Amino acid sequence: MGRRLGLGEPTFATAVELLDDADRKMAALEQACADARHHIHIVYYIWDPARTGTHFRDLLGGARARGVEVRVLYDSVGSPHLNGGFWKPLVDAGGEARVFNPISFSIASLHFANFRTHRKIAIVDGGLGFLGGINLHDPASATRSGKDAWRDQHASIAGEPVRKMQRLFLENWTYSGGRFEIAKDTVAAYFPSAQSQGEGVPVQIIASGPDDETAPMHAFFLAALSTARRRVWIETPYLIPDEPLESALRIADLRNVDVQVIVPKEGDSRLVTMASKTYCDALSKAGIRVYEYGPPMMHAKTLIIDETMALVGTANLDNRSFRLNFEIAAAFYDPR
């Protein structure tokens, strides 16, 4: 199904690491940036100019100073406190930072406030990629926020699947007015040749956005739920399914599939939390086990189907993620 929706076949990663702690994720990303030799490409929905955001800006500036190409993309709604002054040290070093789909308050463009890049992607030298729910802001980090740190999930992926992540970044980059030129002798630097030779962890990069009318992320979730025979385990900060997804969850439960969902007890939006609780109550009454995490905030977006597939991504279980935002997820087809 993924292939027919244009998502491509699964390809083989030479290494995968689940990063279920923001400080581990940030340490891994920091090390990857320190080891970078050719380029660092980053897109984040939330990049806050507090300690975490400033630290990574300066880290990227240092990478640029030693000759590494640096391209940064951030969302204007998710990162409202960033401006040219914040990025000046990076830009002065020769790096590039661009805002995705800036909001202009006119009748003609107001609806574009919906079309956000909700992705959290980092790509280093075309061969190592990071994706998941963890943004670059202090609330994600226990070092910065202590016991109030958000609970979240991320993954690092090495090898061939990173090439798809690279293409998605460059699509958003060029859409945002960023220049990117590639020549015959530089292709390998941005898109290294596959080294797995059909061995490793099978990974399918799932991408969706408002530019694709087929809503592939939504279709992928529906297809995954329909194949479940033993279990469907979900983490989501926002449980606001549309009718097809709600029916798929209910039908899976009626087929004696173990359906469990974890949501935050207290979300980061009071209105969205209230809407989510309505669906939690309805699904609980239907027999689905819904658990409330925390506080603190639970921000992870994961899906497990039997022993077949585990997914880590950026999409919440709501229509905004499935149809109005640019999202990404990695589906791992490996029992480990």
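The values are calculated or read from the model by the stated rules, or taken from the named source; none is laboratory data. This structure is a prediction, so every number in the text was calculated from the model and none was measured. Cβ coordinates were reconstructed from backbone atoms using ideal geometry, including for glycine residues, and neighbour counts include every protein chain displayed. Side chains included, ligands, DNA and RNA excluded: accessible areas come from the protein's heavy atoms. Shrake-Rupley method; radii C 1.70, N 1.55, O 1.52, S 1.80 Å.
Scanning the stretch 228-250 for residues that are among the polar types (S, T, N, Q) and either within 23 Å of the chain's Cα centre (by Cα) or loosely packed, with under 13 Cβ neighbours inside 10 Å (or both) gives a single hit, T236. Within the stretch 80-94, can you find the residues that are at pLDDT below 95 and either of a type in the set (D, E, K, R) or part of a loop (DSSP other than H, G, I, E, B) (or both)? Result: P80, H81, L82, N83.
For every residue, the table says whether it meets (1) surrounded by fewer than 22 Cβ atoms within 10 Å (Cβ to Cβ); (2) more than 19 Å from G177 (Cα to Cα); (3) aliphatic (A, V, I, L, M).
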{"site": "D58", "(1), (2), (3)": "yes, yes, no"}
{"site": "E69", "(1), (2), (3)": "yes, no, no"}
{"site": "L82", "(1), (2), (3)": "yes, no, yes"}
{"site": "F86", "(1), (2), (3)": "yes, yes, no"}
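Of the listed requirements (1) open to solvent by 10 Å² or more (accessible area, probe 1.4 Å); (2) over 11 Å from the mean Cα position of the chain (by Cα), I157 misses just one: (1). Against the conditions (1) in contact with a Ser or Thr (Cβ under 7 Å, 6 or more places away or on another chain); (2) of a type outside the set (S, T, N, Q); (3) open to solvent by 10 Å² or more (accessible area, probe 1.4 Å), M217 satisfies every one except (3). Every condition in (1) open to solvent by less than 50 Å² (accessible area, probe 1.4 Å); (2) at pLDDT below 95 holds for H39 except the one numbered (2).
Residues checked against (1) among the hydrophobic types (A, V, I, L, M, F, W, C); (2) touching a residue at least 24 places away in the same chain (Cβ under 8 Å); (3) farther than 16 Å from D92 by Cα:
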position	(1), (2), (3)
V43	yes, yes, yes
P49	no, yes, yes
D58	no, yes, no
V72	yes, yes, no
